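Below: the structure, in structure tokens.
Bear in mind these aren't lab numbers, they're just calculated from the coordinates by the rules spelled out. Given the structure is predicted, the values throughout are model-derived calculations rather than measurements. Using ideal geometry, Cβ is built from the backbone for each residue, glycine included, and neighbour counts are taken over all protein chains shown.
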Amino acid sequence: MQPILAVMYREYKIRITSLVWLFYDIVMPFAYLLIFGLGFNTAFSSGITSDGASVSYNTFFLPSVLSMACFGIAINTSYGFFVDRDNGIFYEFLTYPMTRSQFLIGKITFNCLTSLVQGIVAITLGTLFLGVRIASGSVPLLLGGVIVGTAGWFFFLAIFALRIRRNDTFNTLINVLYFVLLFLSSLFYPIEHLPAWFRIGSYLNPITWHTDVLRYCSAGMGDGPGILWEMAAFVLFLCGSFWFAVRTLQKAV
């Protein structure tokens, strides 16, 4: 347990030395909700209807904001591998008396806690100022989904961060993934009435699985059996990403 706590403490020290990162990790999700939500909530004044449920756009969009925030934290954390490699700390870490799994778990545990705080801030401010409606009993499930989502995306992106040596190559990959995965998903709109090719691509997208589960927890939108399949798919995505990330880290030297 001590090695994991040591890695978490280092992540904490990194965060508090940069208020920009702290703002991005904690406040940025509500900024997304404020900017996109206000505009689209006005455009879709009659609300969003999906799978027989009708809610305001802000209520529809809040799970999307939480899902994007999980992806954003995972990007920031995985990018840290490049910084650590450049200053040599990464290779020094590999000589410490800890397993590769403990190293990754320490990193993701701290960032999952950050996601938890981030989610609480976004849910609270969205409920107070933007009229987002969430059943109080569903909040723990929603926050649990945020933690799982952050872990899944971090382990997935860590595979590439550990394998790719060039900073610019990794940034290019991240930008492409960010554009494709975010817009080919259910983040901004219901996908059941979109073209078949778009629906197929979206249903193969882990962001769609994660967002749909969060939306089901917060707004009750979605088909129960289908949500269970998406939940299972994302858990498999998380476990597979963790396994590959550990294997990649073992070969990092």
- Query: Pulled fully out, how much extra length does the chain show between Leu194 and Leu116, if you take 0.36 nm times their separation in residues and subtract their Cα-Cα distance?
  - Reply: 24.8 nm
- Task: Can you give me the P(r) profile for the stretch 126-253? Cα pairs, bins 5 angstrom wide beginning at 0, each as a whole percent.
- Result: 2, 10, 16, 20, 19, 15, 10, 6, 3, 1, 0
- Among Phe82, Phe30, Leu177, whose Cα sits farthest toward the positive end of the charge dipole of the chain (+1 at Cβ of Lys/Arg, -1 at Cβ of Asp/Glu, about the Cα centre)? Phe82
- Going 7 Å from the Cα of Gln2 toward and past its Cβ, which residues in the stretch 90-111 have a backbone nitrogen under 14 Å from where you end up? 96-99
- Give, to the nearest whole percent, the P(r) tail of the stretch 201-247 beyond 16 angstrom, counting all Cα pairs. 39
- Task: Just order 176-188, 6-18 by mean Cβ neighbour count inside 10 Å, highest at the front, would you?
- Result: 176-188, 6-18
- Item | Crossing angle, helix 167-183 versus the chain [Cα axis fit, 0-90 degrees, rounded to tens] | 20
- Between 0 and 90°, nearest 10: helix 2-16 axis offset from the chain longest Cα axis: 70
- Query: For the stretch 101-192, what is the convex hull volume of its Cα atoms per residue in Å³?
  - Reply: 140
- Query: Quick one: what Rg and Dmax do you get for the chain from the alpha carbons, in Å?
  - Reply: 18.4, 59
- Between Ile48 and residues 5 or more places away or on another chain, the pairs with built amide H atoms under 5 Å apart involve Val55, Ser56, Tyr57
- What full-extension length gain, to one decimal in nm, is calculated for Asp223 and Phe244 as 0.36 nm per residue of separation minus the Cα-Cα distance? 4.4 nm
- Message: Students often check this: by mean Cβ neighbours within 10 Å, which of 99-112, 128-141 ranks highest, and how do the rest follow?
- Response: 99-112, 128-141
- Relative contact order (percent, whole number), the chain, Cα cutoff 8 Å, 6+ residue spacing: 26
- Convex hull volume of the stretch 1-132 per residue (C-alpha atoms, cubic angstrom): 126
- Task: Obtain the nm distance between the two label points defined at Val83 and Asn175 by a simple spin-label model: each point lies 7 Å from its Cα along the Cα-to-C-beta direction.
- Result: 2.1
